[in-house]
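Asker: One structure coming up, written as structure tokens, with questions to follow.
The values are calculated or read from the model by the stated rules, or taken from the named source; none is laboratory data. Everything quoted here is computed from the prediction, not taken from an experiment. Glycine also receives a Cβ, built like all others from the backbone with ideal geometry; neighbour counts cover every protein chain displayed.
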Amino acid sequence: MIENRSAEDYLETILLLSERQSEVHRIDVARAANVSQPAVQKAVNLLINKGYVATDGMHIRLTASGKKYASDVYERHCTISAFLVKLGVPAPAAERDACEMEHVVSAETYAAIKRFVGKN
């Protein structure tokens with residue numbers, strides 16, 4: 001588990017980039033996250049130390065545990081966003097709010113949200 005919300009966001013960004021392109025570079029992550037390359041490097045180092053990503057110096061790839069973690073975070077994001085939209089929140093606001101809520105929602109609340117949106 002990562003104690004750092006932004007590290008979870010980086011994992012999620014790397015996951016989404018890796019689904020769209022064969023190789024993920026730090027500059028890709030920086031552009032997608034709208035941050036500097038030094039910020040990405042710091043996050044990548046943290047994620048390497050946690051065992052969630054590996055790099056050959058140029059390319060960043062998720063490890064098996066990193067892919068699982070990133071997928072879980074992204075699933076929470078999508079589920080919470082769908083929940084908010086079902087409640088009548090406009091999609092752009094639901095996306096923004098889901099980005100925040102995905103990091104702090106309790107397991108019990110998330111399970112209830114999943115049931116509500118039919119993602120058991």
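Asker: State whether the residues of the range 63-75 include one that is β-branched (Val, Ile, Thr), assigned to a helix (DSSP H, G or I) and surrounded by 15 or more Cβ atoms within 10 Å (Cβ to Cβ).
Answerer: Scanning the range 63-75 turns up at least one residue that is β-branched (Val, Ile, Thr), assigned to a helix (DSSP H, G or I) and surrounded by 15 or more Cβ atoms within 10 Å (Cβ to Cβ).
Each row is one residue, and each column tells you yes or no for (1) closer than 17 Å to SER18 by Cβ; (2) modelled with pLDDT of 95 or more.
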position: ALA43; (1), (2): yes, no
position: ASP72; (1), (2): yes, no
position: PRO90; (1), (2): no, yes
position: CYS99; (1), (2): no, no
position: SER106; (1), (2): no, no
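Asker: Against the definition (within 24 Å of ALA98 (Cα to Cα) and either without any contact (Cβ under 8 Å) to a residue 60 or more places away in the chain or among the basic types (Lys, Arg) (or both)), how does GLY66 come out, yes or no?
Answerer: yes
Asker: Filter the range 76-104 for residues that are part of a loop (DSSP other than H, G, I, E, B) and surrounded by 18 or more Cβ atoms within 10 Å (Cβ to Cβ) and give the result.
Answerer: Across the range 76-104, the qualifying residue is only GLU102.
Asker: For ASN34, work out the one condition from (1) out of contact with any helix residue (DSSP H, G or I) (no Cβ under 9 Å at 6 or more places or on another chain); (2) modelled with pLDDT of 95 or more it doesn't fulfil.
Answerer: For ASN34, the exception is condition (2).
Asker: What single numbered condition from (1) under 30 Å from LYS119 (Cα atoms); (2) in contact with a strand residue (DSSP E or B) (Cβ under 8 Å, 6 or more places away or on another chain) fails to hold for ALA32?
Answerer: Among (1) under 30 Å from LYS119 (Cα atoms); (2) in contact with a strand residue (DSSP E or B) (Cβ under 8 Å, 6 or more places away or on another chain), ALA32 violates only (2).
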